[in-house]
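**Q** There's a structure below that I have some questions on.
The values are calculated or read from the model by the stated rules, or taken from the named source; none is laboratory data. Just so you know, these numbers come straight off a predicted model, no measurement behind them. All Cβ positions, glycine included, derive from the backbone under ideal geometry; neighbour counts span all protein chains shown. Protein only, heavy atoms only, side chains kept; ligands, DNA and RNA dropped before computing areas. Shrake-Rupley method; radii C 1.70, N 1.55, O 1.52, S 1.80 Å.
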Amino acid sequence: MTPTGATGPVSRTEPTGTTGPTRSDGSATPPRPRHRLAWILAALLGAVFVALPAAWQAGAYGVTRTGTLHGSSGGRPVTALHIAGGGANITVSPRGDEQVGYRADLSWSRGKPDIAESWHDGALTLTPRCPDEDSWLTGALSCSILLRVTVPAGLPVTVTATAGRVDIGGLGGAVEAQVDTGRIRLTGLRGTVRARIGSGMLNATALTSPEADLHVGSGRAVVDFTTPPDRVRADIGDGRLALTVPEATVFRVTTSTGWGRNEVEPELSDPASPRTLDLSVGSGRIAAGYPRPTP
């Protein structure tokens, strides 16, 4: 028999899986969430992947140096010029002698850029190079090149670039310009023209070229001839082309149209013309005609 007021042993049942520290009253501390450690690790990793590129970019902007490089063909005869521009901004203009010369204005914060020169069968190739050009962290943030090249007026010139601006003017030789993303400006060219723009802008004015081959991806192009060309071919994806030729110029016109629009002024078409105009458009738009009268 148990005396009144006496209590026997009291048993406690701990929550399943609960171990560790207890409160001052002897009760167990509530368990921590099982996934807290995983959340902490994820937060730490996220901070690393955000802070590291930011630190690299801050370093890229931190200390900027500038400089200038000069070069030339050194008296060697040049049969053609090729410029593999990468992400540089490039200008090509004529000069009075038979040499090729260049000036490169440089800006960098990590590795110093340079201009590589190479020769093959009389053709000179210039390649502007940024050490960090392909870096996913800094890329063009840490380096820029403005390359100005002067050439004999009749020298064939080819310029290719992944990005940036290409400006070519006043030349009488064949010119080829290609930019994936950026801008091409062609002014007063007299030789055959081949121009290709992926996304961006192609602006060709005051052309007296006998032939032009134009390719536009998703960009825009404005092309203006001041003398009648013998042959124009244009291939437009989902971009736009506005083509202008002198008054009374006629062509043997061929068109190919997908989902887009091919708008050629009827006066331009003459099946008996020795000149040809070949226009192909996917889902974009081509408008070809004479200059609009100024108000």
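**Q** Of the numbered conditions (1) under 19 Å from A174 (Cα atoms); (2) surrounded by 20 or more Cβ atoms within 10 Å (Cβ to Cβ), N203 fails exactly one; give the number of that condition.
**A** In the conditions (1) under 19 Å from A174 (Cα atoms); (2) surrounded by 20 or more Cβ atoms within 10 Å (Cβ to Cβ), N203 misses (2) alone.
**Q** Checking the structure you have, find out if any residue of region 83-95 is closer than 25 Å to G169 by Cβ and over 25 Å from the mean Cα position of the chain (by Cα).
**A** Within region 83-95, one or more residues are closer than 25 Å to G169 by Cβ and over 25 Å from the mean Cα position of the chain (by Cα).
**Q** Let me ask another. With respect to A242, determine if the residue is hydrophobic (A, V, I, L, M, F, W, C), touching a His at 6+ places or on another chain (Cβ under 9 Å) and under 24 Å from G191 (Cα atoms).
**A** no
**Q** A follow-up question, please. Kindly establish whether V253 is in contact with a strand residue (DSSP E or B) (Cβ under 8 Å, 6 or more places away or on another chain) and open to solvent by less than 30 Å² (accessible area, probe 1.4 Å).
**A** No.
**Q** Hey, another quick one. Hey, R194 hits all of (1) closer than 21 Å to G219 by Cβ; (2) touching a Leu at 6+ places or on another chain (Cβ under 7 Å); (3) assigned to a strand (DSSP E or B) but one; which does it fall short on?
**A** Single failed check for R194: (2).
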